[in-house]
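Okay, so here's the structure we're looking at.
The values are calculated or read from the model by the stated rules, or taken from the named source; none is laboratory data. Values in this document were obtained by computation on a predicted structure and should not be read as measured data. Please note: Cβ atoms are built from the backbone with ideal geometry, for glycine as well, and neighbour counts cover all protein chains shown. All accessible areas refer to the heavy atoms of the entire protein, side chains included, with ligands and DNA or RNA removed. Shrake-Rupley method; radii C 1.70, N 1.55, O 1.52, S 1.80 Å.
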Amino acid sequence: MKILHDILINIKPIVTKGEMATPVSGLCIDSRKVTEGCVFIAVRGTLSDGHSFIDKSIEQGATVIVCESLPEVIKEGIAYVQVADSAAVTGLMADAFYDSPSQQLKVVGVTGTNGKTTTVTLLYKLFEALGYKSGLLSTVQNHIHDKAVAATHTTPDAISIHSLLRDMADAGCKYAFMEVSSHAIHQHRIAGIRFAGGVFTNITHDHLDYHKTFDEYIRVKKMFFDDLPADAFALTNADDKRGMVMLQNTKASKNTYSLRVPASIKGKVLENNLTGLILSIDGQEAHFRLIGTFNAYNLLAVYGVAKLLGQDKMDVLAILSGLQGAVGRFETYTSPKEKILGIVDYAHSPDALINVLATINQLRKDGQQLITVVGCGGDRDKTKRPIMAQVVCEHSDKAILTSDNPRSEDPEQILNEMEAGLTAPQKRKSLRITDRKEAIKVACTIAQAGDIVLVAGKGHETYQEIKGVKHHFDDREVLTDAFETLNR
């Protein structure tokens, strides 16, 4: 239990009404989760406005209302706090409510279009193996030391983040590694977190359904580095043409990693094949189980963070060499009889898809066909749909266009928009199969012995969202079932 005025310490209210010494049992931005003694913070969201649920939250037991516009009727016994931006103060209040857990941990945030999940997952595994209790906040799963906690968003809401960080600190964690999405930055979900470091992986066209322009997307990513404290580090990919932009206005120490140009952390790919990578990192040769140039960048970023956090170079490389990446990221399977190589990957943007396809094409042998199954999500950036279809047709021997998570949209219309980007020759090398399970089965059926089947877009996800309902669906299960059917 906290006292209201104590959790307002980091914010500047416009107006307060009622008793500021009111005891507070918790914080909520969802009126459905309000319990007796809660603070309800009315946030204007993209789909709904929390101000519409103030009365409901009071009925459910809220004793404090934080809002941008005071209601017409001020109720007796309720404390009201008017602020300029409810979303912006939520994290600051959560930090105070949970006793500033990020100051008791070293929190490292990783942002960028691609590579966030693999990078934070490797960091978590590395530091656990180095002997440190660590926390993980990722798209796939959250971890409080050895306890797994289900993940629902790339970056959870501000209250949930601070609650998780509190649990990590209480569990004795020394480090926490978290994905930082552009949505989370823009919506102030990381407000109140004191970061020990920030990493930029890369940036490509994505989330333009939300940010509207690429320049705005870049600006939002850069905000994360602009806000890092002076005693933190900023580590950026110098090979990305926007990498140095991220460091322009940061107060943190500036560090770079690269495979191509001089950098603080310098790497070189010595070998790259389907058994893994051999890299030279800071002059030391090491073999890694991960595959592809994109993973070489992820490994450089992880090594760079470990070095900046004071870890021993040889210990870090020795552990990294044995680690697997994140679930659903270039995850490989082989059919028992025909030795068809199946790959499941989360690539759901044109650039991520190009990276995966380029890696496979670089490594596959003469005569191996590449058959790719891919779709595009509904209620997301429509401009990338024709590009995704073009990319897969250009870099595969056969493309099967299918459904992803159509959400509220008609999957047939999504496929129409994907096919609109194809030339006549590209259409001849593509199939359209709306049912994703059937599409994966067909890909495995038409594959010859030794061929490669890439199933892209959903990766670790275990559902398919159709008209607001999440149905169980796991690309990995469907692929392995299809392989088993071939073996009969």
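Annotation: of all residues in segment 272-299 being of a type in the set (S, T, N, Q) and open to solvent by 20 Å² or more (accessible area, probe 1.4 Å), the one that is nearest to the chain's Cα centre (by Cα) is T293.
Between N255, N272, the distinction of being within 22 Å of G112 (Cα to Cα) and either modelled with pLDDT of 90 or more or of a type in the set (S, T, Y) (or both) belongs to N255 only. Residues of segment 161-182 that are open to solvent by less than 40 Å² (accessible area, probe 1.4 Å) and without any contact (Cβ under 8 Å) to a residue 40 or more places away in the chain: L164, A171. When you scan segment 319-342, do you find a residue that is farther than 23 Å from R476 by Cβ and buried (at least 18 other Cβ atoms within 10 Å of the Cβ), even just one? There is at least one residue in segment 319-342 that is farther than 23 Å from R476 by Cβ and buried (at least 18 other Cβ atoms within 10 Å of the Cβ).
The residues listed here are G192, G198, G135; of these, the one that is small (G, A, S) and at positive phi is G192. Pairing each residue of segment 439-450 that is in contact (Cβ under 8 Å) with a residue 24 or more places away in the chain with any residue that is among the hydroxyl-bearing types (S, T, Y), provided the two are 6+ apart or on different chains, yields C-beta distances under 7 Å for A439/T402.
Go through T121, T113 for me and flag whichever is closer than 15 Å to A176 by Cβ and open to solvent by less than 20 Å² (accessible area, probe 1.4 Å).
T121
For segment 470-481, the criterion of being open to solvent by less than 60 Å² (accessible area, probe 1.4 Å), in contact (Cβ under 8 Å) with a residue 24 or more places away in the chain, among the hydrophobic types (A, V, I, L, M, F, W, C) and part of a helix (DSSP H, G or I) is satisfied by at least one residue.
The set of residues in segment 7-24 that are surrounded by 14 or more Cβ atoms within 10 Å (Cβ to Cβ), of a type outside the set (D, E, K, R) and assigned to a loop (DSSP other than H, G, I, E, B) comprises L8, N10, I11, P13, G18, M20, T22.
Can you tell me which residues in segment 347-375 are open to solvent by less than 20 Å² (accessible area, probe 1.4 Å), among the polar types (S, T, N, Q) and in contact with an Asp or Glu (Cβ under 8 Å, 6 or more places away or on another chain)? Hit for segment 347-375 is S349, nothing else. The set of residues from segment 382-403 being among the basic types (K, R) and at pLDDT below 95 comprises K382, K384. The single residue among V261, V269, V302 that is open to solvent by 10 Å² or more (accessible area, probe 1.4 Å), of a type in the set (A, V, I, L, M) and out of contact with any strand residue (DSSP E or B) (no Cβ under 7 Å at 6 or more places or on another chain) turns out to be V261. With respect to the conditions (1) open to solvent by 10 Å² or more (accessible area, probe 1.4 Å); (2) modelled with pLDDT of 95 or more; (3) over 14 Å from Y98 (Cα atoms), G197 lacks only one, and its number is (1).
Of the residues making up segment 321-373, those that are closer than 15 Å to S396 by Cβ and in contact with a Lys or Arg (Cβ under 8 Å, 6 or more places away or on another chain) are D345, P350, Q369, L370, I371, T372, V373. Every condition in (1) part of a helix (DSSP H, G or I); (2) surrounded by fewer than 20 Cβ atoms within 10 Å (Cβ to Cβ) is met by A449 except one, and the failing one is (1). Scanning segment 62-103 for residues that are of a type in the set (S, T, Y), under 13 Å from V24 (Cα atoms) and out of contact with any Cys (no Cβ under 9 Å at 6 or more places or on another chain) gives a single hit, Y98.
Hey, does segment 205-214 have a residue that's more than 18 Å from the chain's Cα centre (by Cα) and at pLDDT 95 or above?
no
Of the residues that sit in segment 309-318 and are open to solvent by 60 Å² or more (accessible area, probe 1.4 Å) and either among the aliphatic types (A, V, I, L, M) or assigned to a loop (DSSP other than H, G, I, E, B) (or both), which one is nearest to A252 (Cα to Cα)? Among those residues, the one meeting the criterion is G310.
If you go through segment 369-381 and keep only what is modelled with pLDDT of 95 or more and of a type outside the set (G, A, S), you end up with Q369, L370, I371, T372, V373, V374, C376.
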